[in-house]
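The structure under discussion appears below in the form of structure tokens.
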Amino acid sequence: QVQLVESGGGLVQAGGSLRLSCAASGRAFSNYVMAWFRQAPGKEREFVTAISWSGRNTRYADSVKGRFTISRDNAENTVYLQMNSLKPEDTAVYYCAAHVGANSLYTSGYNYWGQGTQVTVSS
């Protein structure tokens, strides 16, 4: 069983920055594809970004490319999401997720999810 705990959410003005963290339990963290998703009020959950086992490869949704950066520290069992140039439309609950299996950034099968952290961007 893998537990994921997000932190770092909050209220920020448009144009500002936030850094989210996701701490994972378990010894096999370096073999998990990690990702961030988000869900805005009244909308479906959507993919934001994913990172491969080693951190060498990443994938981003078009809406966040150039503004968000995902990274990971396998020694600390932690994945990060640096969010810059935030916009009101980035307001959502952000979820960390882990995929156990192939080292693919295009998988739809995430096995474990965190409880989410709220990000609110004011205009």
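The values are calculated or read from the model by the stated rules, or taken from the named source; none is laboratory data. These numbers come from a predicted model, not from an experiment. Methodologically, a virtual Cβ is constructed for each residue, glycine included, from the backbone with ideal geometry; neighbour enumeration extends over all protein chains shown. In case anyone asks, the SASA skips ligands and DNA or RNA and just uses the protein heavy atoms, side chains included. Shrake-Rupley method; radii C 1.70, N 1.55, O 1.52, S 1.80 Å.
A few remarks follow.
- Cα-based Rg and Dmax for region 47-114, where Dmax is the largest Cα-Cα distance (Å): 12.1, 35
- Diffusion coefficient of region 5-52 by Stokes-Einstein, Kirkwood radius over Cα pairs, 25 °C, 0.890 mPa s: 189 µm²/s.
- Taken per residue, the accessible surface of the chain reaches 51 Å², heavy atoms only and a 1.4 Å probe.
- For region 1-51 versus region 57-108, the spacing of their alpha-carbon centroids is 6 Å.
- The trypsin sites (Lys or Arg not before Pro) of region 14-69 meeting both criteria, a DSSP state outside H, G, I, E and B (loop) and at most 14 other C-beta atoms within 10 angstrom of the site's C-beta, are ARG27, LYS43, ARG56, LYS65.
- Within the chain: Cβ-based charge dipole about Cα centre, in debye rounded to nearest 20 (Lys, Arg +1; Asp, Glu -1): 160
- Neighbourhood charge, 15 Å Cβ-Cβ cut-off, centred on GLY114 and excluding it, Lys, Arg +1 and Asp, Glu -1: +2
- SER104/VAL5 FRET efficiency (R0 41 Å; Cβ-Cβ; nearest 0.05): 0.95
- Cleavage-rule hits, chymotrypsin sites (Phe, Trp or Tyr not before Pro), region 1-79, DSSP coil, Cβ neighbours within 10 Å at most 14: none
- Within region 6-41, backbone nitrogen closer than 18 Å to the virtual label 7 Å beyond the Cα of TRP113 toward Cβ: 6-7, 22-25, 33-41
- Computed over all pairs of different Cα atoms, the Kirkwood value for the hydrodynamic radius of the chain is 14.2 Å.
- Extension reserve of the ALA14-ARG67 stretch, reckoned as 0.36 nm per residue once the Cα distance is removed: 17.8 nm
- SER85 sits among other residues whose Cβ lies under 14 Å from its own Cβ, and their net charge, with Lys and Arg +1 and Asp and Glu -1, is +2.
- Couplings 3J(HN,Hα) of region 42-48, computed from phi: x, 10, 6, 5, 10, 5, 10 Hz, in residue order, whole Hz [Karplus 6.51 cos²θ - 1.76 cosθ + 1.60, θ = phi - 60°; x for Gly and Pro].
- Mean separation of Cα contacts under 8 Å (6+ apart) over length of the chain, as relative contact order %: 36
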